[in-house]
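Here the structure comes first, spelled out in structure tokens, and everything after it is commentary.
Nothing in this text is a laboratory measurement; each read-out follows from the coordinates by a stated rule. Worth saying up front: this structure is predicted, and the values here are computed from it rather than measured. Please note: Cβ atoms are built from the backbone with ideal geometry, for glycine as well, and neighbour counts cover all protein chains shown.
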Amino acid sequence: MDKKNLLNGKPYHYVALDALKKLKPGKLLELGIGNGRMLEQAQLLGYEVQGVDIDENFLSISKKKGFNVKKLDLNNSLPFKDGSFDYVMSFEVLEHIPNFKKTIQEINRVLKKGGKAILSTPNCGLWRYRFALLFTGNMPPEYDGAEGHVNHYSFNQWKKMLEKYFEVKSENTEVISRKLRLSTNFFSKYSFFVCEKP
């Protein structure tokens, strides 16, 4: 299986995998496990993985693969003790959670001191989205067609919110282009962060 199929062709998954390769393996929690492929890749790198999701189908897939996963609505508290994990990762999930600020607080709570959160969300500040709103009054189908988005923030807005709870250690523009580096807030389709709990 090639890399594109392995990670569903999602650029934030490639960036996250590169980040995991540079870190020391430890206990890792994924919020919103999808088909479990990132759990698989993290486990292959030596991480001790767990995951939560609200989707029964995704949970069933990961359970068949032998992963320790639980059903959870992320509007609720995480069922783990303080400082349980070295890492928490979540990709394209926070924008679906009405009570997402509580989720960010919970990520901070379950991380050990010095633990890292690896997160991605859509960037509503992308130039194509701005122009679509300006000239049509609507988001383009590629964004507006994404079911369940309830939080609409730009890269800069997500960063400011995360900085209330973490030190943002890196932000990656590779998810949009290896050539365009002029303005992440304007050119990046995704907001990608590696954050550290102080």
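Structure notes:
- Count Lys and Arg as plus one, Asp and Glu as minus one, and take only other residues whose Cβ is under 14 Å from that of GLU48; the net charge is then 0.
- Residues with amide H under 5 Å from that of MET89, placed H, sequence gap 5 or more: LEU29, GLU30, LEU31, ILE118
- Under the Karplus curve 6.51 cos²θ - 1.76 cosθ + 1.60, θ = phi - 60°, whole-Hz ³J(HN,Hα) for region 13-20, x wherever Gly or Pro sits: 5, 4, 5, 5, 5, 4, 5, 4
- Zone of LYS63's modelled label, taken as backbone nitrogen in region 79-99 under 20 Å from a point 7 Å along Cα→Cβ: 79-80
- Each residue, GLU167 and LEU133, gets one label point 7 Å from its Cα in the Cβ direction; the gap between the two is 3.3 nm.
- Computed from the Cα positions only, the extents of region 1-135 along the three principal axes stand at 48, 37, 31 Å, in decreasing order.
- Peptides 99-110, 72-83 ordered by average Cβ neighbours within 10 Å, highest first: 99-110, 72-83
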